[in-house]
Each structure stands twice: as structure tokens, then as C-alpha cells.
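A short worksheet on the structure shown next.
The values are calculated or read from the model by the stated rules, or taken from the named source; none is laboratory data. The model shown is predicted, which means the values in this text are computed figures rather than measured ones. With ideal geometry, Cβ positions are generated from the backbone for all residues, glycine too; neighbour counts draw on all protein chains shown. Accessible surface areas use protein heavy atoms only, side chains included; no ligands, DNA or RNA. Shrake-Rupley method; radii C 1.70, N 1.55, O 1.52, S 1.80 Å.
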Amino acid sequence: CVLKASQKRRPLSRLLEQLLRNLEKRDPNQFFAWPVNDNFAPNYSNIIKRPMDFSTIKQKIDDNEYKSLNCFISDFKLMCNNAMKYNKPGTVYHKAAKRLLHAGLKQLTPQKLRPLGNMLT
Ligand SMILES: COc1ccc(C(=O)NC2CCC2)cc1-c1cc(C(C)=O)n2cccnc12
């Protein structure tokens, strides 16, 4: 039988795509969907040396740049921590980042990941 295109993807990529979709659901305002634009965030690129956003993570999955789940989780944390560094506490973005980080890490615990483990076989 011929595998569908999606099934031809590497097992890790399929897992990361699934996790990414679940994380994106926690960003309903799409504040993290695209790179932050200096025009809307003054001086952003001087303050944040390693920008990260969901579209960049998606591209890295498609380019097979993630060699492990931990590298994926590191980029997710980087994205949230950037927002908590650049935006003052109490701002809509700082609160959204804090909420996203906590909700996201809850989805990435071993207990939650174990059932998906068979996607890696
Ligand atoms: C992709 O980034 C965005 C996309 C859309 C919006 C947006 O719709 N902002 C409206 C809510 C009040 C204006 C904000 C952002 C945004 C994210 C961020 C982050 C993540 O720091 N940010 C910081 C300062 C100014 N704008 C933003």
C-alpha cells in the first residue's frame, strides 16, 4: 500500500506538527503566530536577540531542523520568554505569554506525551 504524503513524514516531524497545532490553539489572538514586527514593537530587534514565533517553528519542523523534542520545547520556551522580557508585566502580551507558557508546558509533560510516543515508532 502506498503511504499518504503525511505518513511519509519522519515520525518526529509528525509528532511535532501535532504538538504545534495544540500549542497554537492556546494563542487565539495569534500574537505568537508571526515574527514580531519592529513597527509595532519599538526597538524589538535590539532587545530580543533570538526572535521566535509559531511560523518559524513550523518552518523548522518542515526543514527537519529539530533533532529532538527538547529542541522544539526550547524554541517554544524562547518564544514565550522573549515576550515576557520585551513586554512589561500587566500588558496583554506579557499575560498572554505567561498563560501560553504554562498551558503549553502542561501539554508537554511525559504523562501527556507518553500516549503520543507510539507516533515515534
Ligand atoms: C505577531 O505579533 C502580533 C500580531 C498581532 C498583534 C495584535 O493584533 N495586537 C492587537 C491587540 C492590541 C493590538 C500583536 C502582535 C504582537 C505580539 C507581540 C509579542 C509576542 O511580543 N507584540 C509586542 C508588541 C506589539 N505587538 C505584539
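Using Cα atoms only, what is the angle between the long axis of helix 11-24 and the major principal axis of the chain, expressed in degrees (0 to 90) to the nearest 10?
Value to nearest ten degrees: 40.
With a 10 Å cut-off between alpha carbons and a GNM built on the chain, which of Pro51, Pro42, Pro11 moves the most?
Pro42
Once you sort the root eigenvalues of the Cα gyration tensor of the range 52-121 as a ≥ b ≥ c, which label holds: rounded (a/c under 1.5), prolate (a/b larger than b/c) or oblate (the other case)?
oblate
Hey, could you grab the Kirkwood Rh for the chain? Inverse mean 1/r over distinct alpha carbon pairs, Å, one decimal.
Averaging 1/r across every pair of different Cα atoms and inverting gives 15.3 Å.
List the relative contact order of the chain as a percent without decimals, with contacts defined as Cα pairs under 8 Å and 6+ residues apart.
29 percent
How do Phe32, Phe40 rank by accessible surface area computed with a 1.4 Å probe, from largest to smallest?
Sorted by accessible area, descending: Phe40, Phe32.
Quick check: net charge around Arg26, other residues with Cβ under 12 Å of its Cβ, Lys/Arg +1 and Asp/Glu -1?
Neighbour charge sum, excluding Arg26 itself: +3.
Charges only on Cβ, +1 for Lys and Arg, -1 for Asp and Glu: so what's the dipole of the range 1-105 about the Cα centre, in debye to the nearest 20?
320 debye
Stretched out fully, how many nm does the piece from Gln59 to Leu105 gain, at 0.36 nm a residue minus the Cα gap?
The Gln59-Leu105 span can extend by a further 14.5 nm.
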